[in-house]
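See below for the structure under consideration.
The values are calculated or read from the model by the stated rules, or taken from the named source; none is laboratory data. Computed from a prediction, not measured in an experiment: that's the story for all the values here. Virtual Cβ from ideal backbone geometry, glycine too; neighbours counted across all protein chains shown.
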Amino acid sequence: MSDYFKKFIDTSGKSLDEIKKIAEKMAKRTAKTAVKTVLDEAEKTVQREIRRKIQEVVNEAKTIAENTENYPKPEKIPAPRAAEKSVPVKPQTLTPDEIAYPHESLPDNLTEREIQLVEKIGEMRKLREMTYNGYIVQRCAEVTFVFQGDFMADVTDDFPRTAFCAIPTPMYAAMSISQLRTYFTWRTDARRGIFRETDKPYVLLYAYELLNKIGVSSSEDAFAKLIDLWSYCSFANYLNKLMPRWLKDFYAYNDISNAYPDINVFLKSPKKTPDELACEEISNKNFQNKLAFLAVNSAYNIIKSSFFSEETKPLLNGATEFVLKALDRYFTEKELDLCTLLGGQMKKDFSWKPFEGALVNLDRADGFHAVKISAFEQYSIRRGEPVRECFTFTPQRGFIGYILKSIEARLRVNTGFKRKIVPNISMLENDFINREKLLNAVKDEEFSRVIQAAVDEFCRKNGIFPQKKSPKKSEDFVQYAKKDISIDITKLQEIREKSEETAKKLIVEETVGEDYLERLSERISDEEFDEKISECARLSEDLPERLHDEQLGNLPEDLPEEWRGFFASLTKDEREILAEMCDGKNADAICREKGLLPETVFEEINNKAMDFVLDIVIENGEIIPDYLENIKKTAR
């Protein structure tokens, strides 16, 4: 019989008619001992208020059973009715362990005020239950906490001693009278601005009250008191982990932005890294001095470029700012975000739970609204649900590399740098594969024109133009003159004739001795000699082909002209090194076998490649994949 009665109790209460019917069936199978067992079970489980009614029903059922000849077989207790299933249930409910507060013997010499407080605590404990359609049900923990908190919100006390408390999740219903009086005494002082050192549960219980806006006049008042609690409870180091999250959640669920426009003023946020600072500035449309940030997160190593130096660094930095501003406008028109490509994007934090670790009834809040905490954290609504989003640092390295290489390529042209480079669009395609909208945006011819136009605008505003002559002391760097360059076309023929005459003087038979070359060089001044050589190199573009016609004839006919010229400029060792690199052999080992320094060989090959194909072909000791096919044709 006890098993049946347990099932009956587990149904969360029945009406008197149902109890009567079930008791009759149980009584028919038992004697007086069974009746006593029912009463014992009832005393352990049900409330004192309904115990008397059950006693009457059981006695009546016993009398009916004794006067009945036919005893029906026991039946199963019926399942809860549909009406019971429709009762709203919150996820976190009070369990017997949580409401089993410690019992204690109260002293006999309580004052009238203390007796009233004890009685009020007893009334407060009953608030966890409610009647619904004739049934007694229990409220969920968060709702119960708010009912009981509001009921005890104005209580003050001066309890003479301190009761120890170690409840992990403190709530009124789980505390003894001495613990509650200890808390109300501590809370009375805290509301006066006096935060005495006490046990952790008491501090957390006060924080729970403020998060539920218990005992305060408004949301702003609750937020201010939470800040005070965190500031003045220096002994409570555990608040440093809990408070930042609770304050942000409170900020998102309550409308206090007018009183507190910037919550970050109150948060003890860790120091930001250089990348985080750069991303924050980019998100705020501040593109100044972003070269260093982009260079670190780029697939193209601009720092190792022959164009990069301390003199050209300001040019690259300034041009980068102009380009980023222009690209921001370009992508905005196409409904794309440049900041996402340069730094990263906000992604949903699936581990987030509002006010995690606290008892908070969200119905007490003003209502969730989207709010931006910082460039790295925000609250928003996705698919109708509140979510927290955090910044994920994912720069598009290929995209950044293409931008930097395009800026450098245009600056080389605008400053008269002798070697030219051409950015490869494949750097972008790898980053934007399966992202059709972005891929179409960067493949558009306007994208490249935007970058070039921005660099040209920077150069024009700063008066940067290529100088007519390169100084002797540097062959890779050009001084920039802030003046227009005029060209007298009528003198071009005269220059060409002089260059041809100079070239004839330089072309001598192998039998001519070095003393003759020295005497020849003495008749030409150093400055004139350099100028004539430079002019000769510019005006005799077909000279390499004439020198290497026999070699070029052995190359495939479908090979582009610039690659034919590149092949003709290579030495035998350089061709052999490239051929073995095409076969996957280690370039450093190949060079050392030939007694050559790898770095020197790579630099020499790249310099020749820049003269003909306008780009390097070796990077990080390996052939660039885009040029592998052409090199296989030229190196073998």
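Just one of the listed residues (Ala370, Ala409, Ala375) is more than 17 Å from the chain's Cα centre (by Cα) and either assigned by TED's automatic domain parsing to the domain that holds Tyr260 or over 16 Å from Ser448 (Cα atoms) (or both), namely Ala370. Each residue in the range 378-397 was checked for being touching a helix residue (DSSP H, G or I) at 6+ places or on another chain (Cβ under 8 Å), under 17 Å from Ala252 (Cβ atoms) and modelled with pLDDT under 90, and 1 of them qualify.
Scan the range 273-295 and tell me whether some residue there is surrounded by 18 or more Cβ atoms within 10 Å (Cβ to Cβ), on the phi > 0 side of the Ramachandran plot, assigned to a loop (DSSP other than H, G, I, E, B) and at pLDDT 90 or above. Checked against the condition, which is being surrounded by 18 or more Cβ atoms within 10 Å (Cβ to Cβ), on the phi > 0 side of the Ramachandran plot, assigned to a loop (DSSP other than H, G, I, E, B) and at pLDDT 90 or above, the range 273-295 yields no hits at all. Every test in (1) of a type in the set (A, V, I, L, M); (2) in contact (Cβ under 8 Å) with a residue 40 or more places away in the chain; (3) part of a loop (DSSP other than H, G, I, E, B) is passed by Met610 save one, and that test is (3).
For the range 369-390, residues that are of a type in the set (A, V, I, L, M, F, W, C), part of a loop (DSSP other than H, G, I, E, B) and either surrounded by fewer than 18 Cβ atoms within 10 Å (Cβ to Cβ) or free of Cβ contacts under 8 Å to residues at least 40 places away in the same chain (or both) total 1.
Tallying residues that are closer than 24 Å to Gln378 by Cα, surrounded by fewer than 18 Cβ atoms within 10 Å (Cβ to Cβ) and aromatic (Phe, Trp, Tyr) within the range 205-237 yields 0. Here Val360 fulfils each of the conditions (1) part of a helix (DSSP H, G or I); (2) touching a residue at least 40 places away in the same chain (Cβ under 8 Å) apart from (1). Within the range 242-272, the residues that satisfy the criterion of being in a helix (DSSP H, G or I), over 30 Å from Glu321 (Cβ atoms) and not aliphatic (A, V, I, L, M) are Pro244, Arg245, Trp246, Lys248, Asp249, Phe250, Tyr251, Tyr253. Restricting the range 238-272 to residues that are touching an Asp or Glu at 6+ places or on another chain (Cβ under 6 Å) and of a type outside the set (Val, Ile, Thr) leaves a set whose member that is surrounded by the most Cβ atoms within 10 Å (Cβ to Cβ) is Asn254.
Scanning the range 223-255 for residues that are in contact (Cβ under 8 Å) with a residue 12 or more places away in the chain and either farther than 17 Å from Pro354 by Cα or in contact with a Pro (Cβ under 6 Å, 6 or more places away or on another chain) (or both) yields Lys225, Ile227, Asp228, Leu229, Trp230, Tyr232, Cys233, Phe235, Ala236, Tyr238, Asn240, Asp249.
Being closer than 22 Å to Asp626 by Cα, in a loop (DSSP other than H, G, I, E, B), of a type in the set (S, T, N, Q) and modelled with pLDDT under 85 is a condition met by at least one residue of the range 422-430. Restricting the range 327-355 to residues that are of a type in the set (D, E, K, R) and assigned to a loop (DSSP other than H, G, I, E, B), the residue that is surrounded by the fewest Cβ atoms within 10 Å (Cβ to Cβ) is Glu335.
With respect to being among the small types (Gly, Ala, Ser) and closer than 23 Å to Val413 by Cα, Ala326 fits the description. Kindly establish whether Ala579 is under 26 Å from Ser426 (Cβ atoms) and at pLDDT 80 or above. Taking the combined requirement at face value, the residue satisfies it.
Screening the range 568-578 for residues that are out of contact with any Leu (no Cβ under 6 Å at 6 or more places or on another chain) and part of a helix (DSSP H, G or I) and picking the one that is nearest to Cys591 (Cα to Cα) gives Ile577.
For Gln179, the criteria (1) free of Cβ contacts under 8 Å to residues at least 60 places away in the same chain; (2) part of a helix (DSSP H, G or I); (3) touching a Cys at 6+ places or on another chain (Cβ under 6 Å) hold in every case but one, which is (1). Taken over the range 270-290, residues that are within 22 Å of the chain's Cα centre (by Cα) and touching a residue at least 12 places away in the same chain (Cβ under 8 Å) amount to 12. Scanning the range 135-143 finds one or more residues that are under 27 Å from Ala365 (Cβ atoms), in contact (Cβ under 8 Å) with a residue 40 or more places away in the chain, among the hydrophobic types (A, V, I, L, M, F, W, C) and part of a helix (DSSP H, G or I). Sort out which residues of the range 589-607 are in contact with a helix residue (DSSP H, G or I) (Cβ under 8 Å, 6 or more places away or on another chain), surrounded by 14 or more Cβ atoms within 10 Å (Cβ to Cβ) and in a helix (DSSP H, G or I), and write them in order of number. Ile590, Cys591, Pro598, Val601, Phe602, Glu604, Ile605, listed by residue number.
Considering the range 175-186, and only residues there that are crowded, with 22+ Cβ neighbours inside 10 Å and of a type outside the set (S, T, N, Q), the residue that is farthest from Val216 (Cα to Cα) turns out to be Met175.
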